[in-house]
1. Can you run down the residue pairs with Cβ atoms below 6 Å, 6 or more apart or on separate chains, where the first is in region 161-176 and under 21 Å from H3 (Cα atoms) and of a type in the set (D, E, K, R) and the partner is in a loop (DSSP other than H, G, I, E, B) and modelled with pLDDT under 95?
2. Just give me the residues in region 35-60 being small (G, A, S), surrounded by fewer than 21 Cβ atoms within 10 Å (Cβ to Cβ) and outside any helix (DSSP H, G or I), in sequence order.
3. For R215, which of the numbered conditions (1) within 22 Å of Q32 (Cβ to Cβ); (2) in contact with a strand residue (DSSP E or B) (Cβ under 6 Å, 6 or more places away or on another chain); (3) at pLDDT below 95 fails to hold?
4. From the residues in region 61-93 that are assigned to a helix (DSSP H, G or I) and touching a residue at least 40 places away in the same chain (Cβ under 8 Å), which one is farthest from P127 (Cα to Cα)?
5. Scanning for something part of a helix (DSSP H, G or I), at pLDDT below 90 and either more than 20 Å from the chain's Cα centre (by Cα) or crowded, with 20+ Cβ neighbours inside 10 Å (or both), does region 242-260 turn up at least one residue?
6. Does region 33-48 hold any residues that are among the hydrophobic types (A, V, I, L, M, F, W, C) and within 15 Å of the chain's Cα centre (by Cα), and which are they?
Amino acid sequence: MSHIIAIANQKGGVGKTTTAINLAAVLAEAEQRVLLVDMDAQGNATMGVGVDKNALEATVCDFLLGDKGVSEALEVVLDGDFYLLGANADMTAAEVGLRDMQNGRTALKRALAEISDSFDYVIVDCPPALSMLTINALAAARGVIIPMQCEYYALEGLSDLLGTIDSVRQMINPQLAVEGVLRTMYDARNRLTGDVSSQLIDYFGDAVYETVIPRNVRLAEAPSHGLPIIQYDGAASGAVAYRALAAEILGRDDSEMVQAPSSGARRAVSALFSRRRR
């Protein structure tokens, strides 16, 4: 059975797609069979692994709406261990269509069940919004990784995301948990970075990964070449960091996964953000 992980944050620009691409690539490098699922109409994860989103014969939209099977949309990305289910602007139609479908919130879960025994890890890149597509990802996943930029607005909207995770766990997917909080674009020289990082550890505890993803020019350049960082520059600090993250994930036991914070913790996160705005 695959370990399905949703990479989610409704705030854009926090390294969500970068994390999805590079975590998937590094897990494949570690001899895991990996599937990357692009759930974003922008298709950035698709393009970021070198696949032309406009040339796809089948997309995530097709199998979510029942027009094609999952196997028809699979693309091999890296050495037979790294596969992609790609996306493009057609995902806008999926967002609308799923709302009209009976059991539309679990379409991805049903589709992935057909191939769940074929992969060790399924990494789902969610759109930067709490949409029907994000709900589908959370309904299918066992864990959620939340990339967080350690800057002023990092906590904005976090309580809403945690509330959605909590609701999905209660109503659709009781196994869903916050698998980890990942600090991205990390700059240890910045005092604010250390402040926000400490607050995240206070509220999420052991769910915060020890690994941090640094600001790294080579990591930012890699998507424009359609390559994960380990292929673009395997010695870059970004590549080193994502290898460390993969090792940390592989080393964690299921018992160490933490449940999504309670409503009280969500209120505390909201209060923290309110204080920072003043």
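1. From region 161-176, the pairs are D166/A260.
2. Selection gives G50, A58.
3. It fails just one condition, (1).
4. Looking at the filtered set, the residue picked out is S71.
5. There is at least one residue in region 242-260 that is part of a helix (DSSP H, G or I), at pLDDT below 90 and either more than 20 Å from the chain's Cα centre (by Cα) or crowded, with 20+ Cβ neighbours inside 10 Å (or both).
6. Answer for region 33-48, where residues must be among the hydrophobic types (A, V, I, L, M, F, W, C) and within 15 Å of the chain's Cα centre (by Cα): V34, L35, L36, V37, M39, A41, A45.
The values are calculated or read from the model by the stated rules, or taken from the named source; none is laboratory data. Here the structure is a predicted model, which means the values were calculated and not measured. Please note: Cβ atoms are built from the backbone with ideal geometry, for glycine as well, and neighbour counts cover all protein chains shown.
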